Each structure stands twice: as structure tokens, then as C-alpha cells.
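Q: The structure under discussion is supplied below as C-alpha cells; questions concerning it will follow.
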Amino acid sequence: MLAAKEQLKLIKRGVAQIISEEELLKKLEKSVATNTPLRIKLGVDPTSSDIHLGHTVPLQKLRQFQDLGHTAVLIIGDYTAMIGDPSGRSATRPRLTHEEVLANAKTYQDQVFKILIPEQTEILFNGDWFSKMTFSDVATMTSKLTVARMLERDDFAKRYAGNQPISILEFIYPLMQATDSVQIKADVELGGTDQIFNILLGRDLQRDAAQEAQIAMCLPLLVGLDGVNKMSKSLHNYVGITDEPNDMYGKIMSLADELMLTYFELVTNLDKTKIDNIKVGLENNSLHPKQVKSFLAMQIVSQYHGQDAAKKAQEEFEHVFKAGGLPEDIPEFTVPEAKVWIVKLLVDCGLVSSNSEARRMIEQGGVKLDNEKITALDFEVPIVDGLVLQVGKRKFAKVRK
């Protein structure tokens, strides 16, 4: 194992808050002295079917701990996901069934190993312990937290002050997350900056259970492609780690320049020295932002699809967007009708997921037919063989009769 102080120096990269750094150093020193890996906890609630780059921020940190010889304990929240994490939310999250959660969990398990080392990863489901709890056990758990303490949370306080409903179930969520830490005897828990209350509660419950308190390690929330909001599938500002290479590359190239360094820091494995050199190059204008962004896109696509796929995605991007060409392999769709409503055509060709998304893209000027912008929501498309339909900068379809 690397010396404790050297480990700490590496671990601190890209971290927003550690509670406390002194305690973490002591844990690392003990780990090195006894040659015993720390147990690093990350809880994920499979509320959707795929992982995006925002999810990879704590996963990358978890991998960093693994590279230093520690054990990753990934908790799949099959029970917590049925409630939904209320952190940062302004309204109660719709509940999922256990069947929906388990289906999502399957894809999560497949995808996390694009980042984590399987041999150094424990995957546990918190339903393993919560499903065995009696009503008396739940009552005991809820007795450990007061309503006044819960309302210290900024998100709950705002909802309460605004007369927005807060269910008792949402109050239970932080206790369930904290109970997870007790169950697995976590040494460190990773989470976003919006998780600090829940992670600190885990420290309290561990002490109550006569365990050594875990370290709270909070990571920044990744801003999405819109440059404003946290990356989210519901906001359509995300990059999925299973996105096709061309789509992934194109999405990164649409990123705001001011977010590039943050993405290098949080979602790539690039050495800190190289990131610092890129920062200097941008500041003294020796590096052009487009050059840097292309390098960023290559790094991310290579990580999930390999260097050959990244190179082809770069070449395709250059061909389509710089030379004004069309992609080489445009998906083709047969349309038997003579005329089709533009909204229906966009959905049928798989360029959008719903009628509402189609309308939104048309209103935003993001839909073209044979390079002509469509602005009318009621437009009936005359079907001509070979017609090219485009949504945004990266999605194309060719219509066949």
C-alpha cells in the first residue's frame, strides 16, 4: 500500500468536502499499518435504467480507492429506490415498484464494471436487511431522529415553509441510508454534496451501534449539457455511458467551454498534471477551446468504447459538422403513407422519445427536413424516398417509401 499521506493527497482530488480529513488520515494510517483495506461505501438507487456521466463522479472516486488497495462496497438500493431520495427535490418523487427497481438494478450492475474492478467490489442489496425488519425494528429506527432535526435540511425546510407536502416516508429515507452504513460497517461513504445530511446521520447511527464513525466524502454535482442544472435524464442534459460513440462525442462537443476543466477533473482518468497544463494552455491562449474539447470527447469516448471507436467518432464529427456533410450510416425507416404529421414522423423514426419532445424540438428550431428548418407543429410531411430528417446536431434518419 502507498503511504497514508500519499493516499490522502490522491483521494482529495476533485472532492468538495471531507468530514473529517484528520479522521480519514488516521483510518488510512491504520489501514497501512495492519494491511487491511478500508470499506468504501457508495449507495446507488436504480431509479432509471442507465448510468450517465453524473453517476460516474462517485464511481470514479470509488475506483481510485480500489487502485489504492481498498474495497468498494456498492449498495444497490432496491428498498430505498422504492421511496426515492428526497435530497434536493422540491416535490415528492413518484414511487417505483420493486419489480421496476430490480429491472433497473440489472443494467446498473452490468454498467458499473465499466469503471470498477469486479474482484475488489462487493455488491449488496439493502433489501437483504430491510425486508427482514419487523414493525418494531422500523419504530426503533425512526426513534433515532427528531422532526426538528429533519427540518434542519434545507430542502425540507423550503418545502415546509412553502406549504409543499413532505411524506413521512421521505423522512425515513435518510435513516435507511444511514442504516446501510451500520449494516456494512463502512469506513468511508461517498456521495454528492446534496448527500451530506444523510452521510452524517450514518456517522451518528454507527456511533450509536458502537462502531467507528465513517468518513463523509462529498463530491461535486456534475452540471449537465445545458450548463445550468445537475445532469439528469429527465432534463435531457445528460451523456449516458452506453450512448453510441458518435452521439457521446457530439454531446461532449456541445459542452460549454467553461465546463471543460470540471469534466476533465470529475469524469476522466487524466493525470492532474496534464489537466493543470491544459488549464494553463487555455489561459495563455496556446490551446484553442475546440482543440481541448475534442481531446476531452476523445478521452470520454475512449474510456467507454475504446480508442478506435473514439477516433471514428471524431472523424465522423469532423465530416458532418465541419465539412457540412451527412453521417455515413444514417438509419433508414420505411414510411408507406403519402403524408405524415411531422411530430408522428419524428417519433416513428426514433429521433425523439415522445410527442412532447418532438414539439419541443420543433419549437426550439431543432428539426430539419433535407436541411430546411421546420417551424410549424402541424406540418404534414410529403413522403419522398431518400428524405433526410434531422433533430438537433447529431440525430439523423432517412425516409424510404
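Q: Hey, E328 hits all of (1) part of a loop (DSSP other than H, G, I, E, B); (2) touching a residue at least 24 places away in the same chain (Cβ under 8 Å); (3) more than 26 Å from K233 (Cα to Cα) but one; which does it fall short on?
A: (2)
Q: Anything in region 295-318 that is open to solvent by less than 80 Å² (accessible area, probe 1.4 Å) and without any contact (Cβ under 8 Å) to a residue 12 or more places away in the chain? List them, or say none. Before the answer, list the steps.
A: Going residue by residue through region 295-318, those that are open to solvent by less than 80 Å² (accessible area, probe 1.4 Å) are 296-306, 309-310, 313-314, 316-318.
Listed by number, the residues that qualify are S302, G306, E318.
Q: Sticking with this structure for a sec: When residues of region 338-357 are filtered for being closer than 14 Å to R400 by Cα and open to solvent by 40 Å² or more (accessible area, probe 1.4 Å), how many remain?
A: Within region 338-357, residues that are closer than 14 Å to R400 by Cα and open to solvent by 40 Å² or more (accessible area, probe 1.4 Å) number 3.
Q: While we're here: Taking the options F321, F317, F333, name whichever one is assigned to a strand (DSSP E or B) and among the aromatic types (F, W, Y). Don't jump to the end; show me each part of the working.
A: Details: F321 fails: assigned to a strand (DSSP E or B); F317 fails: assigned to a strand (DSSP E or B).
That would be F333, the only listed residue that is assigned to a strand (DSSP E or B) and among the aromatic types (F, W, Y).
Q: Do we find that A178 is among the small types (G, A, S), free of Cβ contacts under 8 Å to residues at least 40 places away in the same chain and within 16 Å of D204 (Cα to Cα) in this structure?
A: Working: among the small types (G, A, S): yes; free of Cβ contacts under 8 Å to residues at least 40 places away in the same chain: yes; within 16 Å of D204 (Cα to Cα): yes.
It is true that A178 is among the small types (G, A, S), free of Cβ contacts under 8 Å to residues at least 40 places away in the same chain and within 16 Å of D204 (Cα to Cα).
Q: Testing R207 on (1) part of a helix (DSSP H, G or I); (2) in contact with a helix residue (DSSP H, G or I) (Cβ under 9 Å, 6 or more places away or on another chain), one condition comes back false. Which one is that?
A: So the condition that R207 fails would be (2).
Q: Hey, which of the helices (runs of 4 or more DSSP H) in region 100-183, taking only ones fully inside, have at least 1 residues that are among the aliphatic types (A, V, I, L, M)? Working first, answer last.
A: On the way: elements: 127-130, 135-142, 147-150, 154-161.
Correct list: 135-142, 147-150, 154-161.
Q: Would you be able to say whether some residue in region 89-101 is modelled with pLDDT of 75 or more and open to solvent by less than 60 Å² (accessible area, probe 1.4 Å)?
A: Of all residues in region 89-101, those modelled with pLDDT of 75 or more come to 97-101.
Then drop every residue that is not open to solvent by less than 60 Å² (accessible area, probe 1.4 Å), which leaves 98, 101.
Yes, the conditions are met somewhere in region 89-101.
Q: Tally time: how many residues in region 225-260 are buried (at least 19 other Cβ atoms within 10 Å of the Cβ) and either touching a Gly at 6+ places or on another chain (Cβ under 7 Å) or of a type in the set (K, R) (or both)?
A: Residues meeting the conditions: 4.
Q: To continue, here is another question. Within region 136-181, how many residues turn out to be among the hydrophobic types (A, V, I, L, M, F, W, C), open to solvent by less than 20 Å² (accessible area, probe 1.4 Å) and either within 21 Å of A213 (Cβ to Cβ) or touching a strand residue (DSSP E or B) at 6+ places or on another chain (Cβ under 7 Å) (or both)?
A: 5
Q: Just checking, which of L201, L190 is of a type in the set (A, V, I, L, M), surrounded by 17 or more Cβ atoms within 10 Å (Cβ to Cβ) and touching a residue at least 60 places away in the same chain (Cβ under 8 Å)?
A: Values: L201 fails: touching a residue at least 60 places away in the same chain (Cβ under 8 Å).
Among L201, L190, only L190 is of a type in the set (A, V, I, L, M), surrounded by 17 or more Cβ atoms within 10 Å (Cβ to Cβ) and touching a residue at least 60 places away in the same chain (Cβ under 8 Å).
Q: Between a residue in region 114-137 that is acidic (D, E) and any residue that is open to solvent by 70 Å² or more (accessible area, probe 1.4 Å), which pairs come within a Cβ distance under 9 Å, given they are 6 or more apart or on different chains?
A: D128/Q183
Q: Could you tell me how many of the residues in region 50-85 are open to solvent by 10 Å² or more (accessible area, probe 1.4 Å), of a type in the set (S, T, N, Q) and part of a helix (DSSP H, G or I)?
A: Qualifying residue count for the region: 2.
Q: Determine, yes or no, whether D155 is at pLDDT 90 or above, within 25 Å of the chain's Cα centre (by Cα) and more than 25 Å from K106 (Cα to Cα).
A: Details: at pLDDT 90 or above: no; within 25 Å of the chain's Cα centre (by Cα): yes; more than 25 Å from K106 (Cα to Cα): yes.
Spelling it out, it is not the case that D155 is at pLDDT 90 or above, within 25 Å of the chain's Cα centre (by Cα) and more than 25 Å from K106 (Cα to Cα).
Q: Does M217 satisfy the criteria of being part of a helix (DSSP H, G or I) and surrounded by 22 or more Cβ atoms within 10 Å (Cβ to Cβ)?
A: Numbers: part of a helix (DSSP H, G or I): no; surrounded by 22 or more Cβ atoms within 10 Å (Cβ to Cβ): yes.
Here the answer is no, as M217 does not meet what is asked.
Q: Still on this model: Considering only residues that are of a type in the set (F, W, Y) and open to solvent by 70 Å² or more (accessible area, probe 1.4 Å), look in region 103-135 and name the one that is nearest to the chain's Cα centre (by Cα).
A: Let us first name the residues in region 103-135 that are of a type in the set (F, W, Y), namely 108, 113, 125, 129-130, 135.
With open to solvent by 70 Å² or more (accessible area, probe 1.4 Å) added as a condition, the list becomes 113, 135.
On the way: F113: 15, F135: 34 Å.
Here the answer is F113.
Q: Considering V280, V292, V335, which residue is of a type outside the set (D, E) and open to solvent by 70 Å² or more (accessible area, probe 1.4 Å)?
A: On the way: V292 fails: open to solvent by 70 Å² or more (accessible area, probe 1.4 Å); V335 fails: open to solvent by 70 Å² or more (accessible area, probe 1.4 Å).
Step by step, each of V280, V292, V335 is checked, and only V280 is of a type outside the set (D, E) and open to solvent by 70 Å² or more (accessible area, probe 1.4 Å).
Q: Give the residue, chosen from K339, K290, that is under 30 Å from G386 (Cβ atoms) and not aliphatic (A, V, I, L, M). Steps first, please.
A: Details: K290 fails: under 30 Å from G386 (Cβ atoms).
Among K339, K290, only K339 is under 30 Å from G386 (Cβ atoms) and not aliphatic (A, V, I, L, M).
Q: While we're here: Hey, does region 302-317 have a residue that's polar (S, T, N, Q) and over 25 Å from Q60 (Cβ atoms)? Walk me through how you get there before you give the answer.
A: Initial filter on region 302-317 (polar (S, T, N, Q)): 302-303, 307, 314.
Imposing the further condition that a residue be over 25 Å from Q60 (Cβ atoms) reduces the set to none.
Scanning region 302-317, I find no residue that is polar (S, T, N, Q) and over 25 Å from Q60 (Cβ atoms), so the answer is no.
The values are calculated or read from the model by the stated rules, or taken from the named source; none is laboratory data. Since the structure is predicted, the reported quantities are computational estimates derived from the model, not experimental observations. With ideal geometry, Cβ positions are generated from the backbone for all residues, glycine too; neighbour counts draw on all protein chains shown. What goes into the accessible areas is simple: the full protein's heavy atoms, side chains included, and nothing from ligands, DNA or RNA. Shrake-Rupley method; radii C 1.70, N 1.55, O 1.52, S 1.80 Å.
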